[in-house]
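Novice: Sharing a structure below in structure tokens format, with a few things to ask.
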Amino acid sequence: ARREIDAATWALPPAFGIDDAIDLLAIRARLPNFFGYEQNRLDSHILNYMPFAQPSLLRALFATPIGRRGHGKLFRELIRTHQPVLARFPLIKGAHSYPFAFPPLPAYLWTEISRRLRPEPPSSTRTHVLHHLEALIRDRVRDRDVREDGRYAYPELLELIDGYYEGRHTRGAELDWWLALDAWWQSLKMGG
């Protein structure tokens, strides 16, 4: 990971300021890793493209002053200018909505309070999958390589898994995340 971060840092254009550098790193790292797999799957079924990854759009983005493009300001400005009727609809973050007019801090506070007052309901698909994987997950968490792995806070991990299967399904996303992370680490050990 350190070698990749160093290589990505050295590949940045020298005249970039820190804000542009962070945006470019996010584009180079996040787009392929976050959206690439789904884009690849879609490409095998239908002809399509990612509009927000087009070189012409990215060049225009970097030509836009930093103050206009941070915190969704550019998107909001485009909506207000070209489709103001859309500003009547709330924006969504996770399972919660907040008014379009909210700047970043009030939007964050609103969604955080909403999340605490009305937690996101568990995903029925996730619940179904985790239910069928219970024996595998319980066996895996008790494996020696998991128990002795210093990257895990083992007592908390055990509490997460036991708690989930004792009925605290609101932590399903955490369990799902750990399962995916552990599978990835296992694939690295096997050279996958």
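Novice: Under a Cβ-Cβ cut-off of 13 Å, what is the net charge of the residues other than residue 25 that fall near it, where Lys and Arg count +1 and Asp and Glu count -1?
Specialist: Values: positive: 28, 30; negative: 4, 6, 19, 20, 23.
Taking every Cβ under 13 Å from that of residue 25, the sum is -3.
Novice: Compute the projected area of the convex hull of the Cα atoms of the chain, averaged over all viewing directions, and report it in nm² to one decimal place. Intermediate values should be presented prior to the final figure.
Specialist: On the way: hull surface 62.1 nm².
Answer in nm², one decimal: 15.5.
Novice: What are the extents of the Cα atoms of the range 10-109 along their three principal axes, in Å, largest first?
Specialist: Principal extents (largest minus smallest coordinate, Cα): 40, 39, 27 Å.
Novice: Per residue, how much accessible area does the range 113-166 show when a 1.4 Å probe rolls over the protein heavy atoms, in square angstrom?
Specialist: 71 Å²
Novice: Which value, in nm² and rounded to one decimal, describes the direction-averaged projected area of the C-alpha convex hull of the range 1-66? Provide the component values of the computation, followed by the final result.
Specialist: Details: hull surface 21.6 nm².
With the hull built on Cα positions only, its mean projection is 5.4 nm².
Novice: Over the range 89-192, with every protein chain in place, what whole percent of the accessible area is carbon and sulfur at 1.4 Å, could you tell me? All intermediate terms of the calculation are to be shown ahead of the outcome.
Specialist: Details: 4390 of 7150 Å².
Its accessible area is 61 percent carbon and sulfur atoms.
Novice: Shifting gears a bit: Would you kindly derive the ³J(HN,Hα) couplings of the range 72-86 from the backbone phi angles with the Karplus curve 6.51 cos²θ - 1.76 cosθ + 1.60 (θ = phi - 60°), listing them in order in whole Hz, with x for Gly and Pro?
Specialist: So the Karplus estimates, Gly and Pro as x, are x, 4, 5, 5, 5, 4, 5, 5, 4, 6, 9, 9, x, 4, 5 Hz.
The values are calculated or read from the model by the stated rules, or taken from the named source; none is laboratory data. All figures in this text were calculated on a predicted structure; none of them were measured in a lab. Because the Cβ atoms are built from the backbone with ideal geometry, glycine has one as well, and the counts that use them run over all protein chains shown. All accessible areas refer to the heavy atoms of the entire protein, side chains included, with ligands and DNA or RNA removed. Shrake-Rupley method; radii C 1.70, N 1.55, O 1.52, S 1.80 Å.
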